[in-house]
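The values are calculated or read from the model by the stated rules, or taken from the named source; none is laboratory data. Remember, predicted model here, so these are calculated numbers, not experimental data. Note that each Cβ is placed from the backbone with ideal geometry, even for glycine, and that neighbours are counted across all protein chains shown.
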Amino acid sequence: MHPSVLDFMLARRSTPVKDLAEPAPSDKEIETILTAASRVPDHGRLTPWRFILYRGDARIEIGEALAKRAVEREGELPETRLEQERNRFSRAPLVIGVVCVPKESPTIPEWEMFLSGGMAAMNLMIAANALGYGTNLITNWYSDDAEGRRILGLAPQERVVGFVHIGSYDVELVERPRPALDAIVSDYSGPWEA
Ligand SMILES: Cc1cc2nc3c(=O)[nH]c(=O)nc-3n(C[C@H](O)[C@H](O)[C@H](O)COP(=O)(O)O)c2cc1C
(Lines give C-alpha, C1' and ligand atoms only; values in the text may rest on other atoms or scores of the structure.)
Protein backbone atom coordinates (compact mmCIF):
# COMPACT_ATOMS: atom_id res chain seq x y z
CA MET A 1 0.00 0.00 0.00
CA HIS A 2 1.20 3.50 -0.76
CA PRO A 3 2.23 5.16 2.55
CA SER A 4 -0.05 8.14 1.89
CA VAL A 5 -3.06 5.78 1.65
CA LEU A 6 -2.19 4.33 5.04
CA ASP A 7 -1.69 7.80 6.54
CA PHE A 8 -5.10 8.75 5.19
CA MET A 9 -6.77 5.65 6.63
CA LEU A 10 -5.20 6.16 10.04
CA ALA A 11 -6.51 9.73 10.22
CA ARG A 12 -9.78 9.63 8.29
CA ARG A 13 -12.99 10.78 9.83
CA SER A 14 -16.38 12.15 8.87
CA THR A 15 -17.18 15.85 8.54
CA PRO A 16 -20.22 17.11 10.49
CA VAL A 17 -23.06 17.61 8.01
CA LYS A 18 -23.52 21.24 9.13
CA ASP A 19 -19.98 22.00 7.91
CA LEU A 20 -20.52 20.62 4.39
CA ALA A 21 -20.92 23.48 1.91
CA GLU A 22 -20.68 24.38 -1.77
CA PRO A 23 -18.94 23.62 -4.00
CA ALA A 24 -20.05 20.05 -4.52
CA PRO A 25 -17.93 17.68 -6.61
CA SER A 26 -18.14 18.35 -10.35
CA ASP A 27 -19.84 15.84 -12.67
CA LYS A 28 -16.41 14.50 -13.64
CA GLU A 29 -15.47 14.09 -9.97
CA ILE A 30 -18.80 12.39 -9.23
CA GLU A 31 -18.05 9.94 -12.03
CA THR A 32 -14.65 9.20 -10.47
CA ILE A 33 -16.21 8.80 -7.01
CA LEU A 34 -18.87 6.38 -8.29
CA THR A 35 -16.37 4.41 -10.34
CA ALA A 36 -14.36 3.85 -7.14
CA ALA A 37 -17.57 3.04 -5.24
CA SER A 38 -18.46 0.34 -7.78
CA ARG A 39 -15.09 -1.33 -7.41
CA VAL A 40 -15.77 -3.42 -4.33
CA PRO A 41 -15.90 -7.09 -3.36
CA ASP A 42 -19.20 -8.53 -4.61
CA HIS A 43 -19.83 -12.24 -4.02
CA GLY A 44 -21.13 -13.78 -7.26
CA ARG A 45 -20.84 -10.49 -9.18
CA LEU A 46 -24.47 -9.68 -8.48
CA THR A 47 -24.00 -5.89 -8.37
CA PRO A 48 -26.46 -5.75 -5.47
CA TRP A 49 -26.37 -1.96 -5.16
CA ARG A 50 -27.05 1.25 -7.02
CA PHE A 51 -26.56 4.96 -6.39
CA ILE A 52 -29.06 7.85 -6.40
CA LEU A 53 -27.85 11.45 -6.73
CA TYR A 54 -29.79 14.06 -4.78
CA ARG A 55 -28.86 17.58 -5.84
CA GLY A 56 -30.37 20.91 -6.81
CA ASP A 57 -34.11 21.51 -6.31
CA ALA A 58 -34.87 17.80 -5.90
CA ARG A 59 -33.49 18.17 -2.38
CA ILE A 60 -36.08 20.84 -1.54
CA GLU A 61 -38.99 18.72 -2.87
CA ILE A 62 -37.77 15.77 -0.84
CA GLY A 63 -37.60 17.94 2.28
CA GLU A 64 -41.24 19.00 1.87
CA ALA A 65 -42.32 15.37 1.38
CA LEU A 66 -40.35 14.19 4.41
CA ALA A 67 -41.83 16.91 6.61
CA LYS A 68 -45.32 15.80 5.52
CA ARG A 69 -44.47 12.17 6.18
CA ALA A 70 -43.08 13.00 9.63
CA VAL A 71 -46.44 14.60 10.52
CA GLU A 72 -48.30 11.52 9.21
CA ARG A 73 -46.20 9.33 11.47
CA GLU A 74 -46.03 11.49 14.57
CA GLY A 75 -48.91 13.95 14.42
CA GLU A 76 -48.60 17.70 14.69
CA LEU A 77 -44.97 18.86 14.98
CA PRO A 78 -43.35 22.15 16.04
CA GLU A 79 -42.05 24.43 13.28
CA THR A 80 -38.42 23.81 14.36
CA ARG A 81 -38.84 20.10 13.75
CA LEU A 82 -40.62 20.65 10.41
CA GLU A 83 -37.74 22.89 9.37
CA GLN A 84 -35.30 20.15 10.34
CA GLU A 85 -37.15 17.66 8.12
CA ARG A 86 -37.34 20.14 5.23
CA ASN A 87 -33.58 20.65 5.39
CA ARG A 88 -32.60 16.98 5.60
CA PHE A 89 -31.35 16.73 2.03
CA SER A 90 -30.45 20.37 1.39
CA ARG A 91 -27.89 20.82 4.15
CA ALA A 92 -25.10 19.40 2.00
CA PRO A 93 -24.74 20.38 -1.67
CA LEU A 94 -24.77 16.73 -2.76
CA VAL A 95 -26.18 13.58 -1.21
CA ILE A 96 -25.54 10.21 -2.79
CA GLY A 97 -27.86 7.41 -1.73
CA VAL A 98 -26.22 4.01 -1.61
CA VAL A 99 -29.05 1.55 -2.13
CA CYS A 100 -28.90 -2.20 -1.64
CA VAL A 101 -30.72 -4.02 -4.44
CA PRO A 102 -31.14 -7.62 -3.28
CA LYS A 103 -30.73 -10.10 -6.15
CA GLU A 104 -32.13 -13.61 -6.45
CA SER A 105 -29.40 -16.13 -5.63
CA PRO A 106 -29.57 -19.80 -4.62
CA THR A 107 -26.22 -19.57 -2.81
CA ILE A 108 -25.46 -16.03 -1.74
CA PRO A 109 -27.31 -14.75 1.32
CA GLU A 110 -28.86 -11.29 1.25
CA TRP A 111 -26.71 -10.37 4.21
CA GLU A 112 -23.64 -10.51 1.97
CA MET A 113 -25.31 -8.19 -0.52
CA PHE A 114 -25.71 -5.62 2.26
CA LEU A 115 -22.07 -6.05 3.24
CA SER A 116 -21.05 -5.36 -0.36
CA GLY A 117 -23.24 -2.24 -0.27
CA GLY A 118 -21.48 -1.07 2.88
CA MET A 119 -18.16 -1.49 1.12
CA ALA A 120 -19.45 0.56 -1.81
CA ALA A 121 -20.44 3.32 0.61
CA MET A 122 -17.00 3.27 2.25
CA ASN A 123 -15.18 3.36 -1.09
CA LEU A 124 -17.43 6.20 -2.16
CA MET A 125 -16.48 8.22 0.94
CA ILE A 126 -12.77 7.47 0.60
CA ALA A 127 -12.80 8.58 -3.05
CA ALA A 128 -14.65 11.80 -2.21
CA ASN A 129 -12.23 12.44 0.67
CA ALA A 130 -9.26 11.81 -1.64
CA LEU A 131 -10.62 14.58 -3.89
CA GLY A 132 -10.70 16.90 -0.86
CA TYR A 133 -14.42 16.71 0.00
CA GLY A 134 -15.91 15.97 3.39
CA THR A 135 -18.43 13.15 3.79
CA ASN A 136 -20.92 11.89 6.34
CA LEU A 137 -23.11 8.79 6.05
CA ILE A 138 -26.61 9.16 7.49
CA THR A 139 -29.55 6.75 7.53
CA ASN A 140 -32.12 8.40 9.83
CA TRP A 141 -35.82 7.51 10.29
CA TYR A 142 -36.79 7.71 6.63
CA SER A 143 -34.47 4.77 5.82
CA ASP A 144 -36.49 2.62 8.19
CA ASP A 145 -39.87 3.75 6.85
CA ALA A 146 -41.35 2.22 3.66
CA GLU A 147 -43.00 5.50 2.65
CA GLY A 148 -39.80 7.41 3.44
CA ARG A 149 -37.86 5.09 1.12
CA ARG A 150 -40.51 5.51 -1.57
CA ILE A 151 -40.22 9.31 -1.34
CA LEU A 152 -36.47 8.92 -1.76
CA GLY A 153 -36.88 6.88 -4.94
CA LEU A 154 -36.32 3.35 -3.66
CA ALA A 155 -38.35 0.38 -4.89
CA PRO A 156 -40.16 -1.68 -2.22
CA GLN A 157 -37.55 -4.47 -2.21
CA GLU A 158 -34.62 -2.05 -1.95
CA ARG A 159 -32.98 -0.91 1.28
CA VAL A 160 -30.86 2.05 2.28
CA VAL A 161 -27.19 1.43 2.95
CA GLY A 162 -26.68 5.11 3.66
CA PHE A 163 -27.13 8.62 2.38
CA VAL A 164 -23.62 9.98 1.94
CA HIS A 165 -23.64 13.74 2.42
CA ILE A 166 -20.82 15.38 0.49
CA GLY A 167 -19.44 18.91 0.32
CA SER A 168 -16.47 21.20 0.79
CA TYR A 169 -15.40 22.22 4.28
CA ASP A 170 -12.89 24.48 5.98
CA VAL A 171 -13.14 23.43 9.62
CA GLU A 172 -10.66 21.44 11.67
CA LEU A 173 -12.09 17.94 12.11
CA VAL A 174 -12.30 17.02 15.79
CA GLU A 175 -11.15 13.52 16.65
CA ARG A 176 -13.47 11.13 18.49
CA PRO A 177 -12.46 8.21 20.72
CA ARG A 178 -11.66 4.98 18.86
CA PRO A 179 -11.95 1.49 20.33
CA ALA A 180 -8.84 0.11 22.01
CA LEU A 181 -7.60 -2.82 19.95
CA ASP A 182 -7.17 -5.07 22.98
CA ALA A 183 -10.94 -4.80 23.56
CA ILE A 184 -11.82 -6.03 20.06
CA VAL A 185 -8.93 -8.28 18.97
CA SER A 186 -8.02 -11.73 20.24
CA ASP A 187 -6.29 -14.86 19.08
CA TYR A 188 -8.64 -17.73 18.35
CA SER A 189 -9.24 -19.72 21.52
CA GLY A 190 -11.57 -22.53 20.34
CA PRO A 191 -15.31 -22.84 19.69
CA TRP A 192 -17.62 -20.46 21.50
CA GLU A 193 -19.11 -21.73 24.74
CA ALA A 194 -21.80 -19.86 26.61
C1 LIG B 1 -24.99 2.65 8.88
C2 LIG B 1 -24.77 3.97 9.57
C3 LIG B 1 -25.84 4.85 9.72
C4 LIG B 1 -25.66 6.08 10.34
N5 LIG B 1 -26.73 6.91 10.48
C6 LIG B 1 -26.58 8.10 11.13
C7 LIG B 1 -27.69 8.95 11.31
O8 LIG B 1 -28.81 8.66 10.89
N9 LIG B 1 -27.50 10.12 11.96
C10 LIG B 1 -26.26 10.48 12.44
O11 LIG B 1 -26.13 11.55 13.03
N12 LIG B 1 -25.18 9.68 12.27
C13 LIG B 1 -25.32 8.50 11.63
N14 LIG B 1 -24.24 7.67 11.45
C15 LIG B 1 -22.94 8.07 12.01
C16 LIG B 1 -22.20 9.04 11.12
O17 LIG B 1 -21.85 8.43 9.89
C18 LIG B 1 -20.98 9.50 11.91
O19 LIG B 1 -20.77 10.83 11.66
C20 LIG B 1 -19.74 8.72 11.64
O21 LIG B 1 -19.95 7.38 12.02
C22 LIG B 1 -18.55 9.32 12.39
O23 LIG B 1 -17.47 8.42 12.42
P24 LIG B 1 -16.13 8.64 11.58
O25 LIG B 1 -15.61 9.99 11.91
O26 LIG B 1 -15.23 7.53 11.99
O27 LIG B 1 -16.47 8.52 10.11
C28 LIG B 1 -24.37 6.45 10.81
C29 LIG B 1 -23.29 5.57 10.65
C30 LIG B 1 -23.49 4.35 10.04
C31 LIG B 1 -22.31 3.41 9.87
Of the residues in the stretch 64-77 that are over 14 Å from Gly153 (Cβ atoms) and among the small types (Gly, Ala, Ser), the one that is surrounded by the most Cβ atoms within 10 Å (Cβ to Cβ) is Ala70
Picking from Phe51, Phe8, the residue that is more than 14 Å from Ile166 (Cβ to Cβ), surrounded by 12 or more Cβ atoms within 10 Å (Cβ to Cβ), in contact (Cβ under 8 Å) with a residue 40 or more places away in the chain and in contact with a helix residue (DSSP H, G or I) (Cβ under 9 Å, 6 or more places away or on another chain) would be Phe8
Of the residues in the stretch 12-24, those that are touching a Gly at 6+ places or on another chain (Cβ under 9 Å) and either within 16 Å of the ligand (Cβ to nearest atom) or part of a loop (DSSP other than H, G, I, E, B) (or both) number 9
Exactly one of Arg91, Arg45, Arg86 is out of contact with any Gly (no Cβ under 7 Å at 6 or more places or on another chain), among the charged types (D, E, K, R), modelled with pLDDT of 95 or more and surrounded by 16 or more Cβ atoms within 10 Å (Cβ to Cβ), and that one is Arg91
Val40 passes all but one of the listed conditions (1) away from the ligand (no atom under 16 Å from the Cβ); (2) assigned to a loop (DSSP other than H, G, I, E, B); the exception is number (1)
Report whether or not Leu124 is within 26 Å of Ser4 (Cβ to Cβ) and surrounded by fewer than 18 Cβ atoms within 10 Å (Cβ to Cβ). no
Heads up, the helices (runs of 4 or more DSSP H) in the stretch 71-165 (entirely inside) with at least 1 residues that are closer than 25 Å to Thr47 by Cβ are 110-130, 146-151
